[in-house]
Amino acid sequence: MTGNKTMLRIAFAALPLLLLADPALAGHVEDGHAVAKQVVDNPYGLDALWAQGDFVSKGTLIILALMSMASWYILVVKLVEQARMMRHAKAAAAGFWKAASVAEGARALAEDSPFRFVAAAGIEAAQHHEGSLTEKIDLHTWVTMSIQRSVSEIVSDLQGGLAILATVGSTAPFVGLFGTVWGIYHALTAIGIAGQAAIDKVAGPVGEALIMTAFGLAVAVPAVLGYNLLVRRNKLVAEKVRAFAADLHAVLLAGSNGGASLRVVR
């Protein structure tokens, strides 16, 4: 017995020397500890939420994801559209009023320019004021109505998609709150089944509830900020279109309609 104890003591004493003498052996020991540390996963993360959640939880997450994708898509598309309209406004201000006639200035604009659409509508109204019904309307009123109608159509197109952003911004927190309530319900159910409020019984459902709340806010906040940004930029674009329409109206009534008609392009 004494001899065995002595041998064990010698072996433990020699172990550090063996590790120093064989770095590969030491590396295997350290790698083993590292692997053991990396194996530990978060049982209450997103993967666990999706794997352990029921159809209500998964459906709520899918709805929030679709709302987020829709809001970001509309935000990017409308920003690109507004930037293009601002370029058209600069082109109209730089070249339209230097033309010899309204028709010539309108032809110089891009075919997809809203300012060309307004100019074409005004020219057509000034040159084609016939018909048993329209003859009862004076030229001034007829041109004014035609230009205002084209401006209203452009402004209406600018508003496209904003209703979706407003809907997402106002409803996403409540969708997330629904997921929160559902997670709390599961937590209470787990407590009732276990008979005690153990942390391991309620940590998963409570974590699910908090994640749903965070997702709802993460979807709603960009939608609200994007809505306010787009409304502000739409106002600037609409002001430029209305100012161009007012100046065009004055030029057309002064008789400088350019003679030749212009095909209405939108």
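A few notes on this one:
- Rolling a 1.4 Å probe across all protein chains gives ASP157 an accessible area of roughly 70 Å².
- Taking all protein chains as they are arranged and a probe of 1.4 Å, the heavy atoms of TRP182 leave approximately 70 Å² accessible to solvent.
- Sequence of HIS88, HIS140 from largest to smallest accessible area, 1.4 Å probe: HIS140, HIS88
- Summing +1 for each Lys or Arg and -1 for each Asp or Glu among the other residues whose beta-carbon sits under 9 angstrom from that of ALA92 gives +3.
- Rounded to the nearest 10 Å², the accessible area of THR171 at probe 1.4 Å: 50
- Efficiency of FRET from Cβ geometry, TYR185 and VAL80, R₀ 41 Å, rounded to 0.05: 0.40
- Legend: residues TYR73, TYR227, sorted from most to least accessible area (1.4 Å probe; ligands, DNA and RNA excluded), read TYR73, TYR227.
- When SER57, SER68 are compared by accessible area at a 1.4 angstrom probe, the order from most to least is SER68, SER57.
- Shape class for region 65-183, computed from the alpha carbon gyration tensor (a ≥ b ≥ c): oblate, with a/c not under 1.5 and a/b at or below b/c.
The values are calculated or read from the model by the stated rules, or taken from the named source; none is laboratory data. All values derive from a computational prediction rather than experimental measurement. Reconstructed Cβ throughout: ideal geometry from the backbone, glycine too, with neighbour counts over all protein chains shown. All accessible areas refer to the heavy atoms of the entire protein, side chains included, with ligands and DNA or RNA removed. Shrake-Rupley method; radii C 1.70, N 1.55, O 1.52, S 1.80 Å.
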